[in-house]
Amino acid sequence: MAPIQWQYKPFAPSEDDEENIDIGSYTPKSRTTRFKKLVFVFIAVCTTLYLSVRGTQALVRFLSKPCHSTHHWHSKVNHTLGGGLPTHFTLPSGDKIPSVALGTAGRGEVGLAVKTALEVGYTHVDGAWAYRNEDEVGKAWKASGIPRDQIWLTSKLWNFFHAPEDVEAALDESLSNLGTEYLDLYLIHWPIAFKKGTDNVVDLELTANPYPTWKKLEEMVDKGKVRNIGISNFNIARVKNLTANPLKYKPAVNQVELNFFNPQPELLNWAKENDLLLEAYSPLGSTRQVQESLNQPIVQEIAKTLAITPAQVIISWHVQRGTVVLPKSVTPSRVEENLQVTALPQDLFEKLEAAAVSHPPARVVNPSKGWGLDFDIFDDEWPL
Ligand code: A2P
């Protein structure tokens with residue numbers, strides 16, 4: 001008997017087969033094929049739509065990307081990019097301080113934030129001994145491979161170390177934590193001196209007269225450990241109290257809270273008249289008020305008009321007011337977003353300024369009570 005010849009004929013419907021499907025004899029298999037086709041078309045349409053939206057967004061971002069879109073390392077050259085917003089301000093020493101910095105106070109993954117910041121073009125990191133994360137900041141900077149002269153590092157002297165004999169050791173600790181030989185800027189963090197080793201007991205003498213502390217800071221400049229020195233959280237009366245002394249170096253900056261709810265126009269004007277650069281901390285209103293700031297109708301309106309984000313509107317406004325701005329974020333996408341400042345058209349800038357100064361000021365940061373002080377640090381009448 002002849003062996004049975006098995007004939008293998010693979011099933012492969014031709015295009016004609018599919019086109020000639022008779023609806024009446026529609027099989028489950030042909031239904032599956034059609035379903036697959038529909039899914040394929042659906043995915044293709046969705047992908048195309050998604051890519052066009054992202055593409056348009058990228059184009060808008062690119063066109064409105066101004067000032068810091070490329071890496072402008074801390075050079076000694078004045079840049080006026082981004083529709084005229086300065087990328088740097090010049091200090092009395094002649095050093096140029098980058099106008100936008102990453103603030104590093106507070107919670108979260110500061111190391112990752114610094115890493116992201118340096119990757120996307122920040123050249124300025126604002127820190128402090130009191131933030132207890134300078135080693136993390138230093139490690140992230142070292143890992144970036146950015147040379148020391150191409151990054152601006154600021155730190156601050158904490159309240160316990162105002163006694164002249166304690167200043168250098170405190171500075172050395174910050175230098176060692178950051179892994180650097182010198183700071184670009186060192187600030188007196190608060191105009192309040194505590195007695196070392198106490199539970200926030202105010203040293204009345206050094207608080208009323210910070211000149212001995214300042215003289216020690218001047219010595220640190222002469223030693224090459226610090227390039228510029230300044231103050232933080234000083235109101236006008238306290239600045240005058242310090243600068244009434246025969247200073248060798250005047251304060252290069254005063255770092256203060258500035259935001260939509262606390263725009264401090266008097267302090268800003270006075271500082272400009274007296275050639276004192278302000279740095280804006282909590283520029284978005286700090287964690288407590290950030291959403292409220294970003295949701296302000298005028299901020300939303302400008303963001304829409306310029307196709308930028310509300311945070312970019314506020315950060316740009318700060319630089320346009322003539323201050324260094326120190327937005328904090330531990331969210332990589334926001335860190336990148338916050339560097340993209342752009343000049344606001346004059347009418348919109350003025351509208352935002354008018355809205356910010358039109359309500360009673362509300363300060364977010366005031367540790368007076370928390371520190372158990374029997375006076376307000378920001379009291380204009382300055383009780384000491
Ligand atoms: P996060 O760190 O989770 O990104 P300020 O600089 O005024 O102190 O504000 C810091 C607060 O603002 C943080 O809570 C931070 O959140 C948030 N923040 C920073 N940048 C942006 C942004 N571009 N959009 C929204 N929130 C932001």
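The values are calculated or read from the model by the stated rules, or taken from the named source; none is laboratory data. Model, not experiment: these values are computed from the prediction. Please note: Cβ atoms are built from the backbone with ideal geometry, for glycine as well, and neighbour counts cover all protein chains shown.
Worth pointing out:
Results for (1) buried (at least 21 other Cβ atoms within 10 Å of the Cβ); (2) in a loop (DSSP other than H, G, I, E, B); (3) of a type in the set (Val, Ile, Thr), shown as yes or no for each residue.
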{"site": "VAL125", "(1), (2), (3)": "yes, no, yes"}
{"site": "LYS139", "(1), (2), (3)": "no, no, no"}
{"site": "ILE146", "(1), (2), (3)": "no, yes, yes"}
{"site": "ASP149", "(1), (2), (3)": "no, no, no"}
{"site": "THR154", "(1), (2), (3)": "yes, no, yes"}
{"site": "GLU165", "(1), (2), (3)": "no, no, no"}
{"site": "ALA169", "(1), (2), (3)": "no, no, no"}
{"site": "ASP172", "(1), (2), (3)": "no, no, no"}
{"site": "SER176", "(1), (2), (3)": "no, no, no"}
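- Check on ALA244, free of Cβ contacts under 8 Å to residues at least 40 places away in the same chain, among the aliphatic types (A, V, I, L, M) and in contact with a Phe, Trp or Tyr (Cβ under 8 Å, 6 or more places away or on another chain): no
- Selection of helices (runs of 4 or more DSSP H) fully inside segment 183-254 by the criterion of at least 3 residues being within 25 Å of HIS88 (Cβ to Cβ) returns 211-223.
- Any pair with Cβ under 6 angstrom, 6 or more apart, that starts in segment 207-229 at a residue that is more than 21 Å from ILE97 (Cα to Cα) and ends at one that is part of a loop (DSSP other than H, G, I, E, B) and modelled with pLDDT of 95 or more: THR207/ILE192; THR207/ALA193; TYR211/ASN245; THR213/HIS162
- Look at (1) closer than 17 Å to THR342 by Cβ; (2) within 15 Å of the ligand (Cβ to nearest atom); (3) without any contact (Cβ under 8 Å) to a residue 40 or more places away in the chain and you find that ILE308 fails only one, number (3).
- Unique residue being in the same structural domain as ILE192 (by TED's automatic domain parsing) and in contact with an Asp or Glu (Cβ under 9 Å, 6 or more places away or on another chain) when the list is ALA303, ALA343, ALA280: ALA280
- Within segment 299-338, restricting attention to residues that are of a type in the set (Lys, Arg) and part of a helix (DSSP H, G or I), the residue that is farthest from the chain's Cα centre (by Cα) is LYS304.
- Condition check for LYS156: modelled with pLDDT of 95 or more and within 17 Å of LEU187 (Cβ to Cβ): yes
- Matching residues in segment 247-259 - criterion: being free of Cβ contacts under 8 Å to residues at least 60 places away in the same chain and in contact with a Ser or Thr (Cβ under 9 Å, 6 or more places away or on another chain): PRO251, ASN254, VAL256
- Filter pass, VAL290 being buried (at least 17 other Cβ atoms within 10 Å of the Cβ) and either near the ligand (Cβ under 9 Å from one of its atoms) or within 19 Å of GLY106 (Cα to Cα) (or both): yes
- Boolean, LEU112 is among the aliphatic types (A, V, I, L, M) and more than 16 Å from the ligand (Cβ to nearest atom): no
- Listed by first and then second residue, the pairs with beta-carbon distance under 8 Å, at least 6 apart or on different chains, first residue in segment 114-130 and on the phi > 0 side of the Ramachandran plot and charged (D, E, K, R), second buried (at least 21 other Cβ atoms within 10 Å of the Cβ) and at pLDDT below 95, form an empty list.
- All of (1) touching a helix residue (DSSP H, G or I) at 6+ places or on another chain (Cβ under 8 Å); (2) within 21 Å of LEU326 (Cα to Cα); (3) surrounded by fewer than 17 Cβ atoms within 10 Å (Cβ to Cβ) hold for GLU181 with one exception: (2).
- Meets criteria (more than 14 Å from the ligand (Cβ to nearest atom), under 21 Å from SER99 (Cα atoms), assigned to a helix (DSSP H, G or I) and among the charged types (D, E, K, R)) for GLU353: yes
- Test: VAL341 is assigned to a loop (DSSP other than H, G, I, E, B) and within 10 Å of the ligand (Cβ to nearest atom): no
- Count of residues meeting criterion [touching a strand residue (DSSP E or B) at 6+ places or on another chain (Cβ under 9 Å) and within 11 Å of the ligand (Cβ to nearest atom)] in segment 311-327: 6
- Conditions (1) under 23 Å from the mean Cα position of the chain (by Cα); (2) farther than 19 Å from ARG148 by Cα: number failed by LEU242: (1)
- Some residue of segment 100-122 being among the hydroxyl-bearing types (Ser, Thr, Tyr), in the same structural domain as VAL167 (by TED's automatic domain parsing) and not in a loop (DSSP other than H, G, I, E, B): yes
- Reported count of residues in segment 263-302, each being on the phi > 0 side of the Ramachandran plot and of a type in the set (S, T, N, Q), is 3.
Yes/no matrix, rows are residues, columns are (1) more than 16 Å from the ligand (Cβ to nearest atom); (2) surrounded by fewer than 20 Cβ atoms within 10 Å (Cβ to Cβ):
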site	(1), (2)
TYR186	yes, no
PHE194	yes, no
ASP199	yes, yes
LEU217	yes, no
LYS225	yes, yes
LYS240	yes, yes
PRO263	no, no
LEU276	yes, no
